[in-house]
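Scroll down for the structure; my scribbles are underneath it.
The values are calculated or read from the model by the stated rules, or taken from the named source; none is laboratory data. Predicted model, so just to flag it, every value in this text is computed and none were measured. A quick note on method: Cβ atoms are made from the backbone with ideal geometry, for glycine too, and the neighbour counts reach across all protein chains shown.
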Amino acid sequence: MKVTPLPEVERREGRSVAVGTFDGVHLGHREVISGADTVLTFDPHPVSVVAPQHTPKLLTTSARKAELIASLGVQEMVVIPFDAEFAKRGASEFVEDVLVSALGAAQVSIGENFRFGNKAKGDPALLQSDGRFTTTVHPLLEVDGEIVSSSHIRGLLLAGDVAVADRLLGATFQLCGEVTHGDERGRELGFPTANLIPEEALACPGHGVYAARASVPGAPGPLGSEGVAAAVSIGVRPTFQTGRGELIEAYLLDFEGDLYGQTLCLEFLARLRGERRFESAEALIEQMHLDVEDTRRVAGAAR
């Protein structure tokens with residue numbers, strides 16, 4: 001899939017364009033994108049510009065969003081570099097300058113709650129009234145009586161319900177980060193971990209222990225292809241006084257190697273248990289053995 005900033009896009013008559021922020025590329029977004037050859041999206045998230053105090057934690061990085069959209073068969077993702085100047089454009093200007101002049105749209109696909117233009121005055125009715133292209137408005141998708149939305153999925157992640165979040169996303173929730181040096185507490189306990197510091201801008205599952213798969217993009221062998229099973233702890237390690245803030249610790253099953261400085265990606269499959277304090281290191285080690293076996297079972301079944 002070609003990824004093009006809006007100022008560099010080549011106009012092409014007859015484009016079928018899906019428009020939206022598409023954070024998470026969840027099942028509802030996939031309905032909007034289905035059949036489109038072009039996705040028009042925004043970076044950064046428009047809320048971070050027009051109301052920064054309400055900026056949501058993102059479900060996907062720009063790279064992950066592009067990867068997920070590419071998997072849907074889209075030919076080109078056009079990215080609007082959203083800033084204060086672009087936010088001043090009126091809704092009619094957006095239609096004229098972007099959809100018609102820049103893209104040559106013949107068909108436009110949006111969700112029913114999509115709003116655009118200065119002060120969000122543009123709505124589906126405005127697009128449908130324009131005779132230069134046809135507009136398909138997709139109703140909000142419901143699963144199990146709940147609207148599928150990025151905000152709902154963020155809430156599920158915070159509650160640790162990664163399995164349901166994965167189902168609504170249509171893909172496993174992924175977090176990537178550079179492996180950093182910790183205090184090697186896991187190594188002392190017999191479970192050496194790869195430590196990641198959560199990125200402030202991204203959503204993160206709530207404190208607890210999770211079954212996941214771990215991979216290093218571009219690495220040779222299993223770690224770079226399917227990934228390996230990993231028991232992942234997110235929290236502040238209440239059994240020990242560390243003085244550290246929130247930390248993501250991943251114990252990669254059946255793997256030995258130095259990952260410091262590399263990018264490690266974790267795909268969360270299921271929550272195994274909550275974070276809790278243990279009376280002794282021995283009690284913690286006993287529980288960690290159980291966590292590893294649970295991880296092996298869950299990750300193996302998910303392959």
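Below, the figures for the structure above:
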read-out: Single match in GLY28, GLY20, GLY35 (criterion: among the small types (Gly, Ala, Ser), in contact with a Leu (Cβ under 6 Å, 6 or more places away or on another chain) and under 29 Å from GLU146 (Cβ atoms)); value: GLY28
read-out: Residue list for the range 256-303, restricted to those being part of a loop (DSSP other than H, G, I, E, B) and over 24 Å from ALA171 (Cβ atoms); value: GLU256, GLY257, ASP258, TYR260, GLY261, GLY274, GLU275, ARG276, ARG277, PHE278, GLU279, SER280
read-out: Leading residue by the ranking (nearest to the chain's Cα centre (by Cα)) among those in the range 25-48 that are within 17 Å of HIS138 (Cβ to Cβ) and small (Gly, Ala, Ser); value: GLY28
read-out: Every residue from the range 69-85 that is more than 13 Å from THR41 (Cα to Cα), part of a helix (DSSP H, G or I) and of a type outside the set (Gly, Ala, Ser); value: GLU85
read-out: Helices (runs of 4 or more DSSP H) wholly inside the range 127-230 that include at least 2 residues being modelled with pLDDT of 95 or more and under 27 Å from ASP294 (Cβ atoms); value: 150-158, 162-169
read-out: Output for the range 6-20, where each listed residue is of a type in the set (Gly, Ala, Ser) and more than 13 Å from VAL100 (Cα to Cα); value: ALA18, GLY20
read-out: The listed residue being exposed (fewer than 15 other Cβ atoms within 10 Å of the Cβ) and closer than 23 Å to THR134 by Cβ, out of GLY73, GLY20, GLY28, GLY90; value: GLY73
read-out: Complete set of residues in the range 9-44 that are outside any strand (DSSP E or B), within 23 Å of ARG154 (Cβ to Cβ) and not hydrophobic (A, V, I, L, M, F, W, C); value: GLY20, THR21, ASP23, GLY24, HIS26, GLY28, HIS29, ARG30, GLU31, PRO44
read-out: Where a residue in the range 183-203 is closer than 14 Å to LEU247 by Cα and surrounded by fewer than 17 Cβ atoms within 10 Å (Cβ to Cβ) and its partner, wherever it lies, is at pLDDT below 95 and among the basic types (Lys, Arg), with Cβ under 9 Å and at least six apart; value: ASP183/ARG244
